[in-house]
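Just so it is clear, none of the values below were taken in a lab; they were calculated from the coordinates. Keep in mind it's a predicted model, so treat the numbers as computed, not measured. Methodologically, a virtual Cβ is constructed for each residue, glycine included, from the backbone with ideal geometry; neighbour enumeration extends over all protein chains shown.
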Ligand code: FRU
């Protein structure tokens, strides 16, 4: 289906109805990309946490399926188990013994949240426990069986046993050099990532821990760990530890940091020199959280999906009958930028297939102080992709306004004094549901030959900016009026220029 409600994303997944948060269990299997997600089957705010499920042949068009792991309740209607965030792999070698000939098990490791005390597999579970449990599917993720020996990790390591109520978000991956499964989970309150290994996905051994480090001004959630070549050189590889944090993000509320370093199969070490010892934010906008990457992508690309929302106001955003969207998948790489190794992001290459019509084109333009409208043939409600090469020149601020109409617009600009690309939603539309929503968010970025290349996705409910090579990214939700569709260049305090602008209307993806 294609949903066309006001603010409905046209370029990425949102559920037909109800609340969604983190992406979970991102895995490719047998021609399908699976997207599981934190889902409330019965309401439009957080609650009754279950794993929702959608599948896609191409990471753009999705089919929503019934929830894979629905919340469990007792006869009185009280919750006995919720399914918090986790990940999935396909056990092709049948190391777990859960598969059958010709039917490898898709294995999900998730955080089982037990609000009430109970006994499971002979283990005493205290009320409020978050433990790591496993479920598997032999029919391409359509039906799931919980492992009878659950939970497979019942408690945090002994020194941290007091944290049994906050121990979660296991992310699995296959470590080829040592032929073992590795899992990273968090102790949110202690700002610790814990690394475990397993041969069979069932018995897990603690290997090491990392943290506190970097930003610790909020709890740590939803870790991920993966390896990438630096500057495309297969002989120079680094590992990236992604860590979501709530609150403490520069844009306010929840956001995601990353650490570049090394992983020897046992231990992750942060390479402080590679990043100047500075905190690196994966996205400088307010609305990218709990991002994790796919397992098993056939062509080896490292693809990241994040929840486009923020715990600060997430349950108040004015969308109905759904609330929450996932980002367009992003391709990740590592590049040396200004002498530091940075994570570089671009929207999934195949997104270009959604380009419907070129709606605006400029070879070059001078922008004198003020506003210069850009002729565009797009219609209200169209999702847009904009490629823009900005030359800030002598301007203090310069850039582009999108979804403009009658004094309403979202501004994407360069701030010469701060040396930042910014996304400003303070005049973007509805913002009254939270005092901190209307704001300008900044990402540090350097000009190259006086220019700043940008790729901007203007979608229902959000604007995303990839600036420079993709080392500076901002994602913000916006809730403009239905008629806000105009585009204009602007400059303030000097003359700016544009050395190329192309905009396309985008074909909506199937949901
Ligand atoms: C992150 C998070 C996770 C948890 C899930 C519960 O947004 O808080 O740590 O597993 O959401 O829905």
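Extension gain residue 301-residue 371, at 0.36 nm per residue separation less the Cα-Cα distance, in nm? Could you put the intermediate results ahead of the total?
Details: separation 70, 0.36 × 70 = 25.20 nm, distance 4.03 nm.
Value of the extension gain: 21.2 nm.
What FRET efficiency comes out for the pair residue 276/residue 175, r = Cβ-Cβ distance, R0 = 25 Å, nearest 0.05?
Efficiency at R0 = 25 Å is approximately 0.30.
Quick one: grab the alpha carbon gyration tensor of the range 105-212, order the square roots of its eigenvalues as a ≥ b ≥ c, and give me rounded if a/c is under 1.5, else prolate or oblate depending on whether a/b is larger than b/c. Intermediate values should be presented prior to the final figure.
Values: a/c = 1.91, a/b = 1.08, b/c = 1.77.
Since a/c reaches 1.5 but b/c is at least a/b, the shape of the range 105-212 is classed as oblate.
State the extension gain, in nm to one decimal, for the chain segment bounded by residue 227 and residue 364, taking 0.36 nm per residue of separation less the distance between their alpha-carbons.
Result: 45.4 nm gained on full extension.
Can you pull the one-decimal nm distance between simple spin-label points at residue 140 and residue 427, each 7 Å off the Cα toward Cβ?
The modelled label-to-label distance comes out at 5.1 nm.
Obtain the nm distance between the two label points defined at residue 80 and residue 4 by a simple spin-label model: each point lies 7 Å from its Cα along the Cα-to-C-beta direction.
Label-label distance for residue 80 and residue 4, simple model: 4.6 nm.
Looking at the square roots a ≥ b ≥ c of the eigenvalues of the Cα gyration tensor of the range 350-506, which shape do they give, rounded for a/c under 1.5, prolate if a/b is larger than b/c, or oblate?
rounded
How fast does the range 213-333 diffuse by Stokes-Einstein, in µm²/s, taking the Kirkwood radius from C-alpha pairs at 4 °C and 1.567 mPa s?
Working: Rh = 15.3 Å.
D = 84 µm²/s.
Once you order the gyration tensor axes a ≥ b ≥ c over the Cα atoms, which shape class does the range 136-284 get: rounded for a/c under 1.5, otherwise prolate or oblate by comparing a/b with b/c?
oblate
Could you work out how far the C-alpha centroid of the range 416-430 sits from that of the range 104-133, in angstrom?
One Cα centre to the other: 44 Å.
How big is the range 302-406 on each of its three principal axes, counting only the C-alpha atoms and giving the largest first in Å?
Ordered largest first, the range 302-406 gives principal extents of 44, 40, 32 Å.
How high is the FRET efficiency from residue 446 to residue 65, r the C-beta distance, R0 56 Å, rounded to 0.05?
About 0.80, to the nearest 0.05.
Using 0.36 nm per residue of separation minus the Cα-Cα distance, give me the extension gain between residue 42 and residue 16 in nm, one decimal.
Length gained, residue 42 through residue 16: 8.1 nm.
At a Förster radius of 60 Å, what calculated FRET efficiency corresponds to the Cβ-Cβ distance of residue 405 and residue 100, to the nearest 0.05?
0.55
One-quarter of the Cα convex hull surface for the chain, in nm²? List each step's numbers first, then the result.
On the way: hull surface 91.9 nm².
With every direction weighted equally, the projected area is 23.0 nm².
When only C-alpha pairs under 8 Å and at least 6 residues apart count, what is the relative contact order of the range 18-347, in percent?
On the way: 899 pairs, mean separation 44.2, N = 330.
For the range 18-347, the relative contact order is 13 percent.
Please report how far the C-alpha centroid of the range 459-511 lies from that of the range 1-67, rounded to the nearest whole angstrom.
25 Å
In what sequence, highest mean first, do 88-94, 316-322, 501-507 appear when ranked by Cβ atoms within 10 angstrom?
501-507, 88-94, 316-322
Give the separation of the Cα centroids, the range 263-282 to the range 213-253, in Å.
The distance from the Cα centre of the range 263-282 to that of the range 213-253 comes to 8 Å.
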